[in-house]
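Data first, discussion second: the structure below is written as C-alpha cells.
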Amino acid sequence: MLNLKIIVTSTRPGRKGIIFGNWLTEVAKQLPQFNVELLDLAEINLPMMNEANHPAMRKYEHQHTRNWSAKIEDADAFVFITPEYNFGFTAAFKNAVDYLHFEWKHKPAAIFSYGGISAGTRAQQAVRLVLSSLSVTVVNEAVTIPMFTQYFDEELNFQPTEQIERTTAQMLQALVKWGNVLKAGRSEE
Ligand SMILES: Cc1cc2nc3c(=O)[nH]c(=O)nc-3n(C[C@H](O)[C@H](O)[C@H](O)COP(=O)(O)O)c2cc1C
C-alpha cells in the first residue's frame, strides 16, 4: 500500500484548485494500491518560512513545521494540484516545499495543472526544476487542463472529458509503478 498525498497548492479565497483536489481524491481512492490523503495548503496555513536552520538538519523549532514534516515523511507519492500564476507556480507551493528536505527525497510526484491556453504547462516546468533539487522523481504522466472553466458546470462541479479521465488514470498508474520502485529503494537507505 502506498501513501498518496494529493496537495492543493492554491490558497486564495475562491480558488478552483480545491475542486480539482477533491475530484482527484475520489478518483484515487478507487485504486486499491493507495491510501489517499488530501493536503490543502490553505488549511495547513504555513507561515512564510520561519525556521532558523536548513531543513536538512531537521532541527525544527516550530510545531507547524513538525506537523508538516510528519505529513510529508508519511508519503510514498504525491500529486501536486497546481495552477499557473505568472508563468510559474504559487508562492504557497514553493514555501511548503522549502520547509522540508529529506521528507521529500526519493519519492515520485505527478503534476495536475490547469490554466488558460497554456494549461499550466509553464508552471509544470517550474515545478520540475525545483523538485529536481530534492531528488523528487516527477513522472512524465501529467494532467494538463487548458481553459479549465469550460469543464465546470453551473454549480462549479468538475465535469472531466474521457480524455482527462484517461490521462488521470495513466498518471496514477505511473505513481503506482514509481511509488513501489522508490519505496523499495528507500528501504535500503
Ligand atoms: C496571481 C495570478 C496569476 C495568474 N497567472 C496566470 C498565468 O500565468 N497563466 C494562466 O494560464 N493563468 C493565470 N492566472 C489565472 C488562473 O489560471 C486562474 O485564476 C485560476 O483559477 C487560478 O487557480 P486557483 O483558482 O486555484 O487559484 C493567474 C491568476 C492569478 C490569481
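Since every read-out is calculated from the coordinates, none of them should be taken as a lab result. Everything numeric here is computed off the predicted structure, so don't read it as measured data. Cβ sites come from the backbone with ideal geometry, for glycine too, and all protein chains shown count toward neighbours.
Any residue at all in region 36-57 that's assigned to a loop (DSSP other than H, G, I, E, B), among the β-branched types (Val, Ile, Thr) and closer than 30 Å to Gln150 by Cβ? No, the conditions are met nowhere in region 36-57. Within region 76-91, restricting attention to residues that are surrounded by fewer than 21 Cβ atoms within 10 Å (Cβ to Cβ) and small (Gly, Ala, Ser), the residue that is farthest from Gln124 (Cα to Cα) is Ala91.
For residues that are over 12 Å from Ile44 (Cα atoms), of a type in the set (Phe, Trp, Tyr) and within 14 Å of the chain's Cα centre (by Cα), scanning just region 59-103, find the one that is nearest to the ligand (Cβ to nearest atom). Residue satisfying both the conditions and the ranking: Phe89.
Would you mind finding the one in Ala119, Ala42, Ala109 that is buried (at least 16 other Cβ atoms within 10 Å of the Cβ) and under 14 Å from the mean Cα position of the chain (by Cα)? Break it down into steps so the answer makes sense when it comes.
Values: Ala119 fails: under 14 Å from the mean Cα position of the chain (by Cα); Ala42 fails: buried (at least 16 other Cβ atoms within 10 Å of the Cβ).
Criteria check complete, one pass: Ala109.
Residues that are in contact with a Pro (Cβ under 8 Å, 6 or more places away or on another chain) and in a helix (DSSP H, G or I) within region 134-156 comprise just one, Tyr151. A single member of Phe89, Phe80, Phe102 is out of contact with any helix residue (DSSP H, G or I) (no Cβ under 6 Å at 6 or more places or on another chain) and in contact (Cβ under 8 Å) with a residue 60 or more places away in the chain, and it is Phe80.
Given the structure, is Ile6 over 23 Å from Lys177 (Cα atoms) and not hydroxyl-bearing (Ser, Thr, Tyr)? Steps first, answer last, please.
Values: over 23 Å from Lys177 (Cα atoms): no; not hydroxyl-bearing (Ser, Thr, Tyr): yes.
No; evaluated as a whole, the condition is false for this residue.
Scanning region 179-189 for residues that are more than 17 Å from Glu103 (Cβ to Cβ) and either under 17 Å from the mean Cα position of the chain (by Cα) or part of a helix (DSSP H, G or I) (or both) yields Asn180, Val181, Ala184. Look at (1) within 16 Å of the ligand (Cβ to nearest atom); (2) within 25 Å of Tyr60 (Cβ to Cβ) and you find that Ala119 fails only one, number (2). Summed over region 137-151, residues that are in contact with a helix residue (DSSP H, G or I) (Cβ under 9 Å, 6 or more places away or on another chain) and more than 9 Å from the ligand (Cβ to nearest atom) total 10. Restricting attention to region 13-31, the residues being assigned to a loop (DSSP other than H, G, I, E, B) and touching a residue at least 12 places away in the same chain (Cβ under 8 Å) number 3. Ala169 meets the conditions (1) under 15 Å from the mean Cα position of the chain (by Cα); (2) in a helix (DSSP H, G or I); (3) not basic (Lys, Arg) in every case but one. The failed one is (1).
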